[in-house]
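Taking it in order: structure first as structure tokens, then the write-up.
Read-outs throughout are calculated quantities, based only on the coordinates presented, and are distinct from any laboratory measurement. Keep in mind that what you see is a predicted model, and the values were worked out from it rather than measured. Cβ placement follows ideal geometry from the backbone for every residue including glycine, while neighbour counts extend to all protein chains displayed.
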Amino acid sequence: MNTPKVKSVQAIDSHILLVEFDNQQKRQYDVSPLLSKAMFLPLKNVALFKSVKVDTGGYAVVWNEDIDISEYELWCNGQPLV
């Protein structure tokens, strides 16, 4: 199965992303479990967290050149919205 690409992303809480994929499905992704890893520690800053953007091509969501989450992770571990 090909993983759908990210079409849009929005920070809807201090640690929750609302991700829309190019197959029109939406999922919520909780970043909280990642915050214990050094790479993701800066996302505890709410202003930085809310600056999330879709990477070119829809292969990830990114905050800066050091912090990103792949479309595969978002798709597989995000909670589908009904």
| Out of all the residues in region 48-60, is one or more crowded, with 18+ Cβ neighbours inside 10 Å and more than 15 Å from Gln10 (Cα to Cα)? | no
| Considering residues of region 11-50 that are among the polar types (S, T, N, Q) and touching a residue at least 24 places away in the same chain (Cβ under 8 Å) only, the residue farthest from Cys76 (Cα to Cα) | Ser14
| Which residues, counting only those in region 25-51, are in contact with a helix residue (DSSP H, G or I) (Cβ under 9 Å, 6 or more places away or on another chain) and either assigned to a loop (DSSP other than H, G, I, E, B) or polar (S, T, N, Q) (or both)? | Gln25, Val31
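Could you grab me the full set of residues in region 8-24 that are in a strand (DSSP E or B), β-branched (Val, Ile, Thr) and surrounded by fewer than 19 Cβ atoms within 10 Å (Cβ to Cβ)?
Ile16, the sole residue that qualifies.
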